[in-house]
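Heads up, the thing below is written out as C-alpha cells.
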Amino acid sequence: MYDPAHLPKKILEIQQMHSWRRFTAFLAIAVIACLAIVMASIVSMAGQQTPAPAAATYRTPRTKDGKPDFNGIWQAMNNANWDIAPHNAERATLKIEAVIGALSAMPPGLGIVEGGVLPYLPAALKQRKENFEKRFAEDPEAKCYLPGVPRFIYMPFPFQIIQGTDHIAMVSEYKGALRDIYMNSTKKAPADSWMGWSNGKWDGETLVIDTTGFNDRSWFDRSGDFHSDALHVVERITAASPYHLNYEATIEDPQVFSKPFKISMPLYRRMEKNIELLEYRCVEYSEELIYGKYRKVPLQ
Amino acid sequence: MTTDKRRFRMSHKFPVLIAGTLLTAAVVIGQQTPATRTPAAPASAGTSAKAPAPAATAKAPAAAKPWVTPRTPDGQPDLQGYWTNATYAPLERAPANVTANKLFFTKEEYDARVKQAALADEAQTTPGTTGDVHYDFTQFGLDKSQNPFAQDMRTSMITDPPDGRIPAQTAEGQKRGRDRTAAYRTAGGYNQVQDIVLGSRCIIYNPPPGPPMLPQGYNGNYQIIQSRDAVMILFEQIGDIRIIPLDNRPSPPLSVRNTMGISRGHWEGDTLVIETTNFDERPQGRNAALAGISDNFKLIERLKRTGEDTFDYEFTVSDPETFVKPWTASMPFTRIKGPIFEAACHEGNYGIEDTMKGARAADAAAAKKPGQ
C-alpha cells in the first residue's frame, strides 16, 4: 500500500516538488483559461451584445402549472431599433437637423447580429440601401404601423408578458401592439399579418416561439433592414436571473437573405415598483407625414 | 336588393381598410357553431322593481351536474377565451315600459325586436348614398344577427336606478356633454386629417370600447388572457388592449391619463372587480350618457363567470360632478370560438387617404367653376 511516510526523504521532496509544480502549472492553466473566457466574453459582448454566458444552473421560478414564470414588464437596452447591425452615430439630414437639432441623430450601436453582417442577397442589399435613403418617410415606425417581429422586442418601449393557460400575451407600450402566442398549437396562419402567427412551446427553461405568416411590410429597424413575406422567425427566450432574460432569434428569409442569421440580446426587467404600460396611440402623431399632403392649406 | 347586386356593388366599393376585419369575421364565423337561438326564460318572472342579473344566464336543468366555476392554475376564476357582449337589449328602458313597470319583453316582442334589428342592420346601406360606399355588414356576416348574441329579454341593461333610466345630470355635466358632442359634430370637415373623427382614423373605435364595455354595432368581440398578476382584455376593433394589474398598486397621479382610463383589479370571491380612473377627455362619440364625464369619473366593473359559455358583466358609473347619483348596468358576455385576427386598422386605412384626396379634388373642381 502506498504510504508517503515510508518513502526516502529525497523521493518525498521530489514528489512534493512535483506536486507543487503540478499545482502551479494547473493554477497557471486555470488562470489563463479563466482569462480567456473573460476575454472571449468581453470580446463577444463588445462585438454583438451577446448575452453573458447563461448561468446554466439558474432555474426560473415556476408558475402554478409548472412553467418558467416570465410574467412581468421587460425592455431591451440597446440601439438595435436604429440599426440591428453594428453602426456609427450618423446625422439624419441637415434639413431635419435645422428643426430638431441633435434629437434627429442616430446614436451608435454594436448591433445584435451574430457576426455583425446581415447576409443580404445582392438585389435585397440594393433595396436596403434605397430603404435607408427613404427611411424618414418610409419607416413603418414613422407611420405608426405595427412593429412586426423581432422588432417588437427591441423597440425602445417596455413590453409586458402575461402568461395565460393556452396563450402567452406580449403587449408593447408601442401602439399597444399584441403578440398572441398560441401555446402547444399547430395552427397555421389563416392569412398574412404584421405580427405573424406565433406558436410557442416550452423546452425546459426556454420558451421557443415559431412565427410565420408575416406580410412583407414591417422593417427590422429605422435603417431600412427588411424582409419578405417568406420570413420565418424562431425565438428562444431563457431567464438568466430574476432580472433578465436571454433572448435569441434565428431569422430565415430565402427571398432576402442568402442564409439564416441569428440575433441575440438580454432583456431587462423593469424594476420600478409603479411600472405599467401607458397608452401610446401614435397613429395621430403619424398622420401629418402620411396625409399632410392633402391639407387644404399647407402647414407654414 | 338581391345578393348578386350587392356582391357586384361590393366588388367595386369594398375598401381595403376593412380587409383584416372581414378576414377575422370569416375566421370567427367559419369556426363558430350557429348561435344558440333559444331565448332563455327571464331569470325571474319579473315584476320586482329591481331587475335581476342578466336574463341570458342559462339555468342548467335541475338533473344536470351542478356547474362549477372553472379556475386557472392559480386558483382564480378563469375568464380566458373569446367573448362577445352583442345583444339587442336596450341600455335604457323606454318611457312607456317605465310607466308600465315592464321589466321583460314577451317572447313575441323579443323575437320581433331581433327580427326588426336584423332587417335594420341589413338595410343600413342605401344604394346610391354616401353610406353605401362603405361596406355592407350583412354581406360579410358582420351584423349581430348572424353572430352569437346574448338572448337578453330585459327592457333595459340599466339595473339601478330601478326604473332602468340614466339618472339626471348636473348642469355642469350637461354642459360638458353638450360641448363635447358639439365639438364632435363640427369635426368632419376635410381641411386637414385631424378634422375627421378618431374612429375613422383608427385612433380609438367609435364609440370607444370602454370601459365600460358597451355592446358595439358589429365585431364587439373580446379576448381575455389572464395570469396570476394581470388580466388582458383585447377588443377586436382596432386591436385595443386593456391590461388590468391585480396587485393592488395605487393609481398614478391624475396628470397621467389614458383614453381607456387606468384600471386596477382585485378578486372579491369569484368576482373580478375592476376600478378605473384617470380617463382623458378626448374620446369623441362616447355613448351620449358618458359624454359629460368629469375628471373625477370612476368606473367599477364586475365580471363573474355564470356558466360554461357565459360571464356576467356589470358596471357602475360614479361621477357626482355629472350624475346626481351613481348608476349600474349589466349584460352577459357569451363565448365565441375565435380566434381573433390582427386588426391593423391604421395600416390599411385607404378610406382616409381617399377621403382627403376626394376633398381636394372637390376643391379643385369648385375652383374651376367660379360663380356656378
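The values are calculated or read from the model by the stated rules, or taken from the named source; none is laboratory data. For clarity, every value in this text was computed on a predicted model and none was experimentally measured. FYI the Cβ positions are ideal-geometry reconstructions off the backbone, even for glycines, and counts take in every protein chain you see.
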Filtering segment A:90-132 down to residues that are on the phi > 0 side of the Ramachandran plot and touching a residue at least 24 places away in the same chain (Cβ under 8 Å), which residue is surrounded by the most Cβ atoms within 10 Å (Cβ to Cβ)? A:G111
Out of A:H244, A:H232, I need the residue that is over 21 Å from A:A76 (Cα atoms) and more than 14 Å from chain B (Cβ to nearest Cβ). Which one? A:H232
Can you name the helices (runs of 4 or more DSSP H) wholly within segment B:78-160 that have at least 2 residues being modelled with pLDDT under 90? B:107-122, B:130-133
Inside segment B:208-228, the number of residues satisfying the requirement of being within 14 Å of chain A (Cβ to nearest Cβ) and modelled with pLDDT under 95 is 5
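In this structure, does B:A64 turn out to be under 27 Å from B:L272 (Cα atoms), of a type in the set (A, V, I, L, M), within 25 Å of the chain's Cα centre (by Cα) and at pLDDT below 95?
Working: under 27 Å from B:L272 (Cα atoms): yes; of a type in the set (A, V, I, L, M): yes; within 25 Å of the chain's Cα centre (by Cα): no; at pLDDT below 95: yes.
Against the criterion (under 27 Å from B:L272 (Cα atoms), of a type in the set (A, V, I, L, M), within 25 Å of the chain's Cα centre (by Cα) and at pLDDT below 95), B:A64 does not qualify.
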Selection from segment A:207-242 of residues that are assigned to a loop (DSSP other than H, G, I, E, B) and under 16 Å from the mean Cα position of the chain (by Cα): A:F220, A:D221, A:R222, A:D225
What strands (runs of 3 or more DSSP E), lying completely within segment A:136-184, carry at least 2 residues that are touching a Lys or Arg at 6+ places or on another chain (Cβ under 8 Å)? A:167-172
In the set A:F159, A:F214, the lone residue that is in the same structural domain as A:Y285 (by TED's automatic domain parsing) and farther than 30 Å from A:Y58 by Cα is A:F214
Over segment A:38-91, the set of residues at pLDDT below 95, of a type in the set (V, I, T) and assigned to a loop (DSSP other than H, G, I, E, B) is A:T50, A:T57
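Could you go through segment A:149-156 and let me know if any residue there is closer than 30 Å to B:D229 by Cα, in contact with a Cys (Cβ under 8 Å, 6 or more places away or on another chain) and modelled with pLDDT of 95 or more.
Going residue by residue through segment A:149-156, those that are closer than 30 Å to B:D229 by Cα are A:149-156.
Cutting the leftovers down to in contact with a Cys (Cβ under 8 Å, 6 or more places away or on another chain) gives us none.
So far as segment A:149-156 goes, no, none of its residues is closer than 30 Å to B:D229 by Cα, in contact with a Cys (Cβ under 8 Å, 6 or more places away or on another chain) and modelled with pLDDT of 95 or more.
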Mind checking which residues of segment B:229-245 are within 7 Å of chain A (Cβ to nearest Cβ) and assigned to a strand (DSSP E or B)? B:A230, B:M232, B:L234, B:D240, B:I241, B:I243, B:P245
Could you please let me know if B:M260 is touching a residue at least 24 places away in the same chain (Cβ under 8 Å) and either facing another protein chain (nearest Cβ under 10 Å) or under 22 Å from A:G164 (Cα atoms) (or both)? yes
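Here are some residues: B:A361, B:A343, B:A367. Which one is within 11 Å of chain A (Cβ to nearest Cβ), of a type in the set (G, A, S) and free of Cβ contacts under 8 Å to residues at least 24 places away in the same chain?
From the options B:A361, B:A343, B:A367, the qualifying one is B:A361.
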Only residues that are touching a helix residue (DSSP H, G or I) at 6+ places or on another chain (Cβ under 9 Å) and within 13 Å of chain B (Cβ to nearest Cβ): list them for segment A:256-281, please. none
The residue that is farthest from A:A177 (Cα to Cα), considering only those in segment B:180-202 that are at the interface with chain A (Cβ under 8 Å from one of its Cβ atoms) and without any contact (Cβ under 8 Å) to a residue 12 or more places away in the chain, is B:Q192
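Can you tell me which of B:R201, B:R242 is closer than 30 Å to B:D309 by Cα and modelled with pLDDT of 90 or more?
Going through B:R201, B:R242 in turn, the sole match is B:R242.
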Consider segment B:64-91. How many of its residues are of a type outside the set (G, A, S) and under 29 Å from B:R113 (Cα atoms)? 8
May I ask you to list the residues in segment A:208-247 that are in contact (Cβ under 8 Å) with a residue 40 or more places away in the chain and among the β-branched types (V, I, T)? A:T211, A:V233, A:I237, A:T238
